[in-house]
1. From the gyration tensor of the Cα coordinates in the stretch 406-488, what semi-axes in whole Å does the equivalent ellipsoid have, largest first, with each one equal to sqrt(5λ)?
2. Which FRET efficiency, nearest 0.05, do Arg589 and Val28 yield, Cβ-Cβ r, R0 51 Å?
3. Place +1 on the Cβ of every Lys and Arg and -1 on the Cβ of every Asp and Glu in the chain, take the dipole about the Cα centre, and give the residue among Val360, Gly268, Tyr128 whose Cα lies farthest towards its positive end.
4. Place +1 on the Cβ of every Lys and Arg and -1 on the Cβ of every Asp and Glu in the chain, take the dipole about the Cα centre, and give the residue among Thr217, Ser191, Tyr159 whose Cα lies farthest towards its positive end.
5. Can you figure out the FRET efficiency of Asp85 with Phe674, using R₀ = 60 Å and their beta-carbon distance, to the nearest 0.05?
6. What ranking of His349, His587, His467 emerges when the number of other C-beta atoms within 10 Å of each C-beta is taken as an exposure proxy, fewest first?
7. To the nearest 0.05, what FRET efficiency results for Ala254 and Val4 with a Förster distance of 25 Å applied to their C-beta separation?
8. What net charge is computed for the residues neighbouring Phe398, neighbours being all others with C-beta under 12 Å from the C-beta of Phe398, Lys and Arg scored +1, Asp and Glu -1?
Amino acid sequence: MESVLYRLGRACFRRRRLTLAVWAAVLVVLGVGAATLSGPTDDAVSLPGTESWRALDVVDEEFGESTSARVVFTAPGGAALTGPDRQSAVRAAVAALRDAPQVAEVSDPYQAGTVAPDGRTAYATVTYPGPATDVGADSRAALREAGDTARRAGLDVEYAGEVTETEEASSGTELLGLAVAAVILLVTFRSVVAAGLPLLTAIVGVVAGTLGISIATGFLDLPSNTAALATMLGLAVGIDYALFLLSRYRHELAAGRDGEEAAGRAVGSAGTAVVFAGLTVVIALAALAVVGIPLLAAMGVAAAGTVAVAVVLSLTLLPALFGVAGRRIGPRAGAGGRGERWTRSVVGHRVVASLGCAVVVGLLAVPALDLRTALPDAGSAPAGSTQRAAYDQLAAAFGPGVNGPLLVVVQGADVAAPSARAHRFVAGLEGVVVATPPTANRAGDTAMFSVVPATAPTSDATRDLVHAIRADRAGLSAASGGATLAVTGRTAIDIDVSEKVNRALRPYLAIVLGLAFVLLTVMLRSILIPIKAVLGFLMSVAASFGALVLVFPSPLDSFLPIFLVGVLFGLAMDYEVFLVTRVREEHLRGAPPDDAVVTGTGYSARVVTAAALIMISIFASFVPSDDGIIRTLGFGLAVGVAVDALLIRMTLGPAVLSLFGRAVWWLPQWLARFLPNGGVRHL
């Protein structure tokens, strides 16, 4: 691989104008494609094959697919909505809602019984035919305008439901992360031109990735936060990969080589590490498809595509930019200095350093024992949003369960008797506030009724209630000649999704760790180092989870653990590869074990530290985001990178390598003969 990449680096440097033109043409094509082929995003989580999803298909088939919104009316100042003037204002809003575009049905709170016992809060349910994605922007605006007629009459009005959810605009805080990255790069390279190249390639990669995601929305169902996730990862890995290549290029210039030769050697050596590091990230993200949730798989593949673009850009566009910049990049060797002094200190106190790292990570990881997950609902929406206000007002007036009703579906040849029996059973369960009377379809073979729990949609008690209802299926079937019962609705689907994601975490880890172990063994030709790399990663994940539980209220988003594991694993392997390949180069040159560790790690320490600080700043810049998973993922990754790079890779790693000496490079002869010689050597 080194020789292929060496020739690629030289070719892109030599034919820099052609390389730049090709990438400019790619961006133009992607831009045209995004403008003409993009479609709407879809945040609905589907889970084909589960009971809740099959039951929802039955409801859509037998009763017609629909989506709804809630308009929540609250009387200010402790007044009631039962007074004539306020009733008139509410009913005028209901009449306006019925005239809004695409509306199929609107419930009157006074007739539907959706006025709170204290009389201060009521809600109207607005039903639309088809899925939420079919409701146009004009219809959504008309919904709010119609509801606002009551606001103009002096009532407080808020909105809830999928129809009212809008895509959050970017907060722009990632620009702060880029500014911090620019300062770090400037301090690291002490050259404006050198500092600007990693930023430029990362931005180009993010633009290409987000345009590709925009095109993909025309063919795939992608959630609205996919672009934010791709931006987060694209900026981080794009800057990192360019940073390592640029550092090696400057080192080659300092050794007296001309620009073309230096570019070839940089891409051939550091580029090999970039390919392996990028491959681990792509594997980790693409492997999300094994979970079996289409939305998660689509997000993983989209993010993996952005990382792949970052790798290709680093190997092609960056050498071309080396040629454009010429000597203005400035040769500067990266070895020696504080990195070597730090590594020498760690090696000299390797036992203390190893134990100290283990203690610090262990303390950070303790809160992770209380980790709980659930899919977010409107209760986790940003404070001040209408969805959050509606959620809080409904919970206060009707109880938390009103925000997550369950839907029980009963099927049988003559459904009247079994549905009545199921209704009596469910209504009598502990934790049920109310169960509405069953409604049958025209054929009389399917009935459904709504169940309002006493607890919030994301609570453990609501999950236990769903399982308790499902536990009665065998008894219902036996007593009713084969009738079936299923639980569905947004809350039940979210519970099923959360449980499936949690069950998938261990096999997902096994796949990712196994593949990465193989890649690292091939690349580094060692058994011990891949084991060290994997165990160190698990320590970083535990510390990251602990920090998340400590800072953010429980439960966390169900998708967060598996996403954090996938992304952090790839990034952790980046640092492992970049550090250990330099140690291996020194080992192959014949350096004694401790000298190889000190020189190799010391050479990369300055750049790895800069890369870690850039990663941390990029991820931390997404913490103010209004999107819950982006906010918590940004924080978790910032903590995870800090622990992994500074503690695990640059402190524990050299200490362990020193403890084992030459044994770290042991490889059974039969395995050495079997493995392809894909390891990084040196040019």
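1. Numbers: eigenvalues 96, 33, 19 Å².
Value: 22, 13, 10 Å, ordered largest first.
2. Details: r = 46 Å, r/R0 = 0.90.
The pair Arg589/Val28 has a calculated efficiency of 0.65.
3. Highest projection toward the positive end goes to Gly268.
4. Looking along the dipole axis, the top candidate is Ser191.
5. The pair Asp85/Phe674 has a calculated efficiency of 0.10.
6. Numbers: His349 14, His587 22, His467 11.
Least to most surrounded, the residues fall as His467, His349, His587.
7. Numbers: r = 25 Å, r/R0 = 1.00.
For Ala254 and Val4, the calculated efficiency is 0.50.
8. On the way: positive: Arg70, Arg120; negative: Asp118, Asp392.
Result for the neighbourhood of Phe398: 0.
Quick note: the coordinates plus some simple rules give every number you see, no bench work behind them. Note that the structure is predicted; figures quoted are calculated from it, not measured. Here Cβ is always computed from backbone atoms with ideal geometry, including for glycine, and neighbour counts include all displayed protein chains.
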